[in-house]
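J.: Could you have a look at this structure, given as structure tokens, before my questions?
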Amino acid sequence: MGGKRAVIAIGGNALIRDRFHATVKDQYRAMSETTNHIANLAVAGWELALTHGNGPQVGFILRRSELARHELHEIPLDVCGADTQGAIGYALQQNLVNDLRRMGDDTEVVSVVTQVEVHPDDPAWVHPAKPIGSFMDEELAAVRREEGWHVVEDAGRGWRRVVPSPAPTRIIEVEAIRRLLDAGFVVIAVGGGGVPVVRDVGGNLHGVEAVIDKDPASALLAAEIGADLLVITTGVEKVALDWGKPEQRWVDRLTVEEAEQYLLEGGHFGAGSMAPKVRACIEYLERGGDEVIITNAESLERAIDGETGTRIVP
């Protein structure tokens, strides 16, 4: 290990273990279990950019906003994303600095509130499908639809708002992130996939009501900063083929060609879980990346040393 640049995408399970441990204090403790492994990589000489999810945290903000709407203004979705980047970044950088100091390392850690540009003509705008926020009864759903929300019935559990999830096209603060990495900082950036923004005819940026998937945004960041390695942490130590079936089998290594074939066949990777991660890995490698590892947070060091995890290579 050492001397190379990596992007580590921290999965949601590293922030909230389960629904019974979702308070700010619980999240802080969960993060501390992950940052210890990341600190070991920093001490070993890796240049690190960290990304993270924010789905539940945005949901919490939206719920508070809904409950207080009789008294206070509601929070736009792009601002929710920026808020969570600050709060989660704060907890990650504090935990990580504490870990590094215990190891006798004085590396500095910084969080960057990151905007990510999306295309105004992305097909996702026409077909919003990402559920966010609380469940509603049909009466409230009708009110919200009148107010301009896209609302759908969710598997018999109630009604929910859905928003577009456009593809990331450009990381606005990428040059700042690159310079911070060059200067020796560990950088936390592109949290929650980044704050989604579009550019108007005058070139000005504006936040939009959308969410960007963390993993393709992390893949884009890794490509744009010239990372040697992209690591996507998730809830399992390795990727499995025929996930959830009797013939399920763990995989140590895949080529891009093999991964694309398994995606095409379908049924191997969870549609809402592992499949988008594998697609993001392919995107990074097709942009010139060297290697991707998918593993869980507690196996980070062993995976990078080649002892576990699933590697995807060109």
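The values are calculated or read from the model by the stated rules, or taken from the named source; none is laboratory data. These numbers come from a predicted model, not from an experiment. Virtual Cβ from ideal backbone geometry, glycine too; neighbours counted across all protein chains shown.
J.: Restricting to segment 233-259, count the residues that are exposed (fewer than 14 other Cβ atoms within 10 Å of the Cβ) and within 22 Å of His37 (Cα to Cα).
T.: 2
J.: Is one or more of the residues making up segment 100-118 in contact (Cβ under 8 Å) with a residue 12 or more places away in the chain and under 26 Å from Val152 (Cα atoms)?
T.: Yes - at least one qualifying residue is present in segment 100-118.
J.: Turning to a different aspect of this structure: Which of (1) free of Cβ contacts under 8 Å to residues at least 24 places away in the same chain; (2) more than 20 Å from Asn296 (Cα to Cα) is the odd one out, the single condition Gly226 does not satisfy?
T.: All conditions are met except number (1).
J.: Across segment 256-314, what is the total count of residues that are closer than 13 Å to Asp215 by Cα and of a type in the set (D, E, K, R)?
T.: So the count comes out to 3.
J.: Same structure again: With the structure loaded, tell me whether Ser218 is of a type in the set (S, T, N, Q), surrounded by 13 or more Cβ atoms within 10 Å (Cβ to Cβ), assigned by TED's automatic domain parsing to the domain that holds Thr34 and touching a residue at least 40 places away in the same chain (Cβ under 8 Å) or whether it fails that test.
T.: Values: of a type in the set (S, T, N, Q): yes; surrounded by 13 or more Cβ atoms within 10 Å (Cβ to Cβ): yes; assigned by TED's automatic domain parsing to the domain that holds Thr34: yes; touching a residue at least 40 places away in the same chain (Cβ under 8 Å): yes.
Taking the combined requirement at face value, the residue satisfies it.
J.: OK, next. With Leu62, Leu48 as the choices, which residue is crowded, with 20+ Cβ neighbours inside 10 Å, touching a residue at least 24 places away in the same chain (Cβ under 8 Å) and either farther than 23 Å from Asp305 by Cβ or assigned by TED's automatic domain parsing to the domain that holds Val201 (or both)? I'd like the intermediate steps shown before the answer.
T.: Values: Leu62 fails: crowded, with 20+ Cβ neighbours inside 10 Å.
The match here is Leu48.
J.: Among the listed residues Pro128, Pro76, which satisfies the condition of being crowded, with 17+ Cβ neighbours inside 10 Å, under 24 Å from the mean Cα position of the chain (by Cα) and either among the small types (Gly, Ala, Ser) or modelled with pLDDT of 90 or more (or both)? Explain how you work it out, then say what you get.
T.: Values: Pro76 fails: crowded, with 17+ Cβ neighbours inside 10 Å.
Criteria check complete, one pass: Pro128.
J.: If we scan segment 81-93, do we find a residue that is at pLDDT below 95 and closer than 30 Å to Ile304 by Cα?
T.: Applying the first criterion (at pLDDT below 95) to segment 81-93 yields none.
Within segment 81-93 (the criterion being at pLDDT below 95 and closer than 30 Å to Ile304 by Cα), the answer is no, since none of the residues qualifies.
J.: Would you tally the residues in segment 85-134 being in a loop (DSSP other than H, G, I, E, B), touching a strand residue (DSSP E or B) at 6+ places or on another chain (Cβ under 6 Å) and of a type in the set (Gly, Ala, Ser)?
T.: Residues in segment 85-134 being in a loop (DSSP other than H, G, I, E, B), touching a strand residue (DSSP E or B) at 6+ places or on another chain (Cβ under 6 Å) and of a type in the set (Gly, Ala, Ser): 1 in total.
J.: Another question, if that's okay. Mind checking which helices (runs of 4 or more DSSP H) fall wholly inside segment 136-226 and carry at least 3 residues that are modelled with pLDDT of 95 or more? Break it down into steps so the answer makes sense when it comes.
T.: Working: elements: 138-146, 174-182, 214-224.
Passing ranges, in order: 174-182, 214-224.
J.: Consider Leu230 carefully, then state whether it is surrounded by 15 or more Cβ atoms within 10 Å (Cβ to Cβ), on the phi < 0 side of the Ramachandran plot, of a type outside the set (Ser, Thr, Tyr) and assigned to a helix (DSSP H, G or I). Lay out the reasoning, then the answer.
T.: On the way: surrounded by 15 or more Cβ atoms within 10 Å (Cβ to Cβ): yes; on the phi < 0 side of the Ramachandran plot: yes; of a type outside the set (Ser, Thr, Tyr): yes; assigned to a helix (DSSP H, G or I): no.
Here the answer is no, as Leu230 does not meet what is asked.
J.: Considering only residues that are of a type in the set (Ser, Thr, Tyr) and assigned to a loop (DSSP other than H, G, I, E, B), which ones fall in segment 1-40?
T.: Taking segment 1-40 and keeping what is of a type in the set (Ser, Thr, Tyr), we get 23, 28, 32, 34-35.
The one that is of a type in the set (Ser, Thr, Tyr) and assigned to a loop (DSSP other than H, G, I, E, B): Thr23.
J.: Another question about this same structure. Might you check whether a residue that is assigned to a loop (DSSP other than H, G, I, E, B), surrounded by fewer than 17 Cβ atoms within 10 Å (Cβ to Cβ) and not aliphatic (A, V, I, L, M) occurs anywhere in segment 293-301? So that I can check it myself, show each step before the final result.
T.: Within segment 293-301, the first condition is being assigned to a loop (DSSP other than H, G, I, E, B), and the residues that meet it are none.
No, there is no match, as no residue in segment 293-301 is assigned to a loop (DSSP other than H, G, I, E, B), surrounded by fewer than 17 Cβ atoms within 10 Å (Cβ to Cβ) and not aliphatic (A, V, I, L, M).
J.: So Ile10 clears everything in (1) in contact with a His (Cβ under 7 Å, 6 or more places away or on another chain); (2) over 28 Å from Val197 (Cα atoms) except one condition, right? Which one?
T.: Checking Ile10 against (1) in contact with a His (Cβ under 7 Å, 6 or more places away or on another chain); (2) over 28 Å from Val197 (Cα atoms), the one that fails is (2).
J.: Let me ask another. Being of a type in the set (Val, Ile, Thr), surrounded by fewer than 17 Cβ atoms within 10 Å (Cβ to Cβ) and modelled with pLDDT under 95: is that true of Val43 here?
T.: Numbers: of a type in the set (Val, Ile, Thr): yes; surrounded by fewer than 17 Cβ atoms within 10 Å (Cβ to Cβ): yes; modelled with pLDDT under 95: no.
Against the criterion (of a type in the set (Val, Ile, Thr), surrounded by fewer than 17 Cβ atoms within 10 Å (Cβ to Cβ) and modelled with pLDDT under 95), Val43 does not qualify.
J.: Further, regarding this structure: Of the numbered conditions (1) of a type outside the set (Asp, Glu); (2) surrounded by fewer than 21 Cβ atoms within 10 Å (Cβ to Cβ); (3) at pLDDT 95 or above, His21 satisfies every one except a single condition; which is it?
T.: His21 satisfies all of (1) of a type outside the set (Asp, Glu); (2) surrounded by fewer than 21 Cβ atoms within 10 Å (Cβ to Cβ); (3) at pLDDT 95 or above except (3).
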